[in-house]
Each structure stands twice: as structure tokens, then as C-alpha cells.
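Q: Dropping a structure here in C-alpha cells format, bear with me for questions.
The values are calculated or read from the model by the stated rules, or taken from the named source; none is laboratory data. Remember, it's a predicted structure, so these values are computed and weren't measured experimentally. Cβ placement follows ideal geometry from the backbone for every residue including glycine, while neighbour counts extend to all protein chains displayed. The area values use the complete protein model at the heavy-atom level, side chains included, leaving out ligands, DNA and RNA. Shrake-Rupley method; radii C 1.70, N 1.55, O 1.52, S 1.80 Å.
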Amino acid sequence: MRNFHLTTIWGIPIRISLSLLIFLPVLAWLISSTAQIEVYAGIVSVLAGTQLDLARLQAGSTPWLIGGAAAIGLFASVALHELGHSYAAMRYGLETESITLWILGGLASFKTIPREWDREFWIAVAGPITSILVGAVCYAALLILPASATVVLFVVGWLAVTNVVLAVFNMLPAFPMDGGRVLRALLARNRPYASATRIAARIGTVFAVLFAVVGVLSFSPLLLLLALFIYGAATGESRTVALADLLEGLTVGDVARPATATVEASATVEELVDRMFADRTTEFTVTDGGDVVGVVTVQDFRALSKAEREADTVADLMETDLPRFEETMGAFDALVELDTGGSGAALVDGPSGTRVVSRQDFSSAMEMRRLIGNSGPF
């Protein structure tokens, strides 16, 4: 969903998702329900050491005031939780690209995820520690606020309890939640990072299934959404780490193929088809006067009629708006840029000229790494 810029703290853009803006009134309504106010009034009364006036809390539009203030306070607490992660990352010189508040909480987007177990451990626990500290501050406020400030006492007490619950819930080992990242960090102390990620991701998917079951039995759409998020994020990050591990130490120049299967831009599509059959390849580098200018594949002309194939040239069909990489760029970084831009191939520049790298080249390189290990380029 669309995100809106809220503010900037420590140079980090804080964004709010449209999903949260839609959900906030619903959350305020849930908090303002009679049952919720009665339960939390009892808890806050014990914490504050003074009996809250339940009738005053439920009078007129006061429940809506309580619900709105508590909902906004909750997501302010979530923002502080994510800033806790970001502060710990800054201490290690790592950059936080943004923090997004959405329907399920907050997401701090880091430019890179540290592979050192101790760094990931402290960055992961920094969020729950921050939530505990926020809860402690709210509890301290309960002790100094006057007993007559019934509504304020209730909201502050509710936030004290909720922040502690938030910290505890986030420490569940449901990767990629905070507890799951702590688990991966501890596993990575004595095993490869990719192996630690696989184990943590498997445990995360188990929690995703449990959340889904509980969500169905309790008719909780939020738990079902959380289950889907954990499952998708856990499997996605596990795959990303596995790819990065296979491409570790390789540059895009190592992966790019020599421009052996070439075709002139002025050739007709019919001539290209003949070349594909003769050379038994479905992808060609397109040259113009010896210079690499693009890429053409069987997908580019599959829908053309025979007459169109005879009339059109390769230049009419080839992909030219391709990313350009220096051959010294890391192979995994290049693959990420290909995925982000939705490109099927890229041009690779180096001292020996321009070459082409495609997704198939990355797949071949990773398959070779699986077969022979990471001892050398191939």
C-alpha cells in the first residue's frame, strides 16, 4: 500500500502506511469497547495503586477518546521500538533506509543486514529493550500522576502493559521477528550463516502455521495476516541469504558470458530464427558495428507472424534499455538490481569491452557453486 512521509529522525524517514491509517479507527474502536476498558481498568488500578473510576471512563464519548489516544500511543511506541533497532545499527555504522509503520506494527529497513552474530544479536534485542524502557517510563508516570487524572492514568497504564507485551511477543523465535533474528544470531556462532538462516526460517514457518491455526480458531484476521507475513518474509530471506552465499566472492564480471552468440542489429528476425536453430541457443547479444547494443531472446518475437519476421529486423525487437554494471561490481548486488528493475539482462563494461549477463548466467554460476563449492570463481 501507499506510504506517507511522517517525519525524519536521525536522518531516517519515518513513514506511515495507508493500511495503518485505515486500521487506526478500528483499533481505537476495539480499545474503547466496554470489555477492554473493564479489564485494563482493573490492571491499571493495581499498577497505579489507586482505584480508577470505571463510570467516568465509560461516560459519553470518553471511551472513544481513550481508544484514539491509546491507538496513537501504541504506534508511537512501535516507532520508538524501531528507532531502538536503528540506534543499535548506527552504533555499528549501519544505515537505516527508512522506518515504516503499518497495520502489523513497524518495519525498519536496513541497507545491509550484518552477518556478524553479535551485531545482529544486539540490533535485534535493541527493539524489545526499548519497548521495556518505554513501558517502565509509563509505569513511573503512573506513580506520579494525580489520582484525579483518570483518563490519563488509564491510557498511560495501558501503554505500560502493552509495551511489555509488545517486547515479549517480539521475542518469540518466529523469524524474521526480533526473537527469530536473535535465534539466528545465536545459531550463527558455531555454524555457517546460511545454515543458521535456514534453521531459523524453518522455525519461523512453524510459528506462522501456529498463528494461522489460532487465527482461524479465534476468527482473528490480524493473526492470519501476521502468519502470511512471517511465512513469506522467512522463506524470502532464507532464499536471499542462500543466493548471496552461493555468489559470495564473485563479481558480475566473473558471471558475465563472452559475447560469442552475437547477431547484427540489421539482421532480419527470420535470419535470427535460423541462427537460433543452427546455434541451439535462444538468446543473442546484439551488436552494431562491433559494439554491443542490446539483447534479443526468443520471447521477443514469438508472437510475430512469418511476414513480420521477414520484414522486421533485430533492432526493432531487441532490448536496449538495460542496466549497465562495471565488471568489478559484486555478483549478488548486480542480481538484486536486476530483480529490482525487472530486467532480464544487463550490460557489463570492462577493459576488454562490453559483455552481457542474464538471469540464466547467474543460475548457471550458482549451479556450478553448488557442484564444486565456493573455493574459486568456478
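Q: Let me know the volume per residue of the alpha-carbon convex hull for the stretch 116-255, in Å³.
A: Taking the convex hull of the Cα positions in the stretch 116-255, it is 137 Å³ per residue.
Q: Roughly how many percent of the accessible protein surface of the chain is carbon and sulfur, given a 1.4 Å probe and a whole-percent answer?
A: C and S atoms contribute 62 percent here.
Q: Tell me, in nm to one decimal, what length is gained between Leu217 and Arg56 on full extension, where the rule is 0.36 nm per residue of separation less the Cα-Cα distance?
A: This chain segment gains 54.5 nm when fully extended.
Q: Just to confirm the filter: which trypsin sites (Lys or Arg not before Pro) across the stretch 165-250 are DSSP coil and have at most 14 other Cβ within 10 angstrom of their Cβ? Write out the running numbers ahead of the final one.
A: Details: sites: Arg181, Arg184, Arg189, Arg198, Arg202, Arg239; in loops: Arg189.
Filter output for the stretch 165-250: Arg189.
Q: Based on the Cα gyration tensor of the chain, what are the three equivalent ellipsoid semi-axes, each the root of five times an eigenvalue, rounded to whole Å and given largest first?
A: Rounded to whole Å, the semi-axes are 55, 23, 18.
Q: Between Leu47 and Thr7, what is the FRET efficiency for a Förster distance of 25 Å, r being their Cβ-Cβ separation, to the nearest 0.05?
A: The computed FRET efficiency comes out at 0.20.
Q: Hey, another quick one. For Asp254 and Lys111, calculate 0.36 nm times their separation in residues minus their Cα-Cα distance, and state this gained length in nm to one decimal.
A: Stretched out fully, the Asp254 to Lys111 stretch lengthens by 49.0 nm.
Q: Okay, moving on. Using a basic spin-label model with each label point 7 Å from the Cα along Cα→Cβ, how many nm lie between Val165 and Ser33?
A: Between Val165 and Ser33, the label points sit 1.2 nm apart.
Q: Follow-up question, since we're still on this one. Bin width 5 Å, origin at 0, all Cα-Cα pairs of the stretch 193-237: what percent of pairs per bin?
A: Taking every Cα pair in the stretch 193-237, the percentages come to 6, 27, 28, 18, 11, 6, 3, 1.
Q: Largest first, please: the extent of the C-alpha atoms of the stretch 22-110 along each principal axis, to the nearest Å.
A: Largest first, the stretch 22-110 extends 52, 33, 15 Å along its Cα principal axes.
Q: Calculate, for the stretch 45-192, the solvent-accessible area per residue in square angstrom, rolling a 1.4 angstrom probe over the heavy atoms of the protein chains. Intermediate values should be presented prior to the final figure.
A: Values: 6770 Å² over 148 residues.
Result: 46 Å² of accessible area for each residue.
Q: For n ≥ 4 DSSP H runs only, could you compute -39500 (n - 2.57) per run for the chain, divide by its residues and tell me the 222 nm figure to the nearest 500?
A: It lands at -19500 deg cm²/dmol.
Q: Would you calculate the separation in nanometres between label points at Leu371 and Asp333, each defined as 7 Å from the Cα along the Cα-to-beta-carbon direction?
A: Placing both labels 7 Å beyond Cα along the Cβ direction yields 2.9 nm.
Q: For Ala278 and Thr235, what is the calculated FRET efficiency with R₀ set at 56 Å and r taken between the beta-carbons, to the nearest 0.05?
A: Working from the Cβ atoms, E equals 0.85.
Q: Name all residues of the stretch 184-206 having a backbone nitrogen under 17 Å from the label point set 7 Å from the Cα of Asp118 along its Cα→Cβ direction, giving them as ranges.
A: 185-191
Q: Something else now. How high is the relative contact order of the chain, in percent, counting Cα pairs under 8 Å that sit 6 or more residues apart?
A: 11 percent
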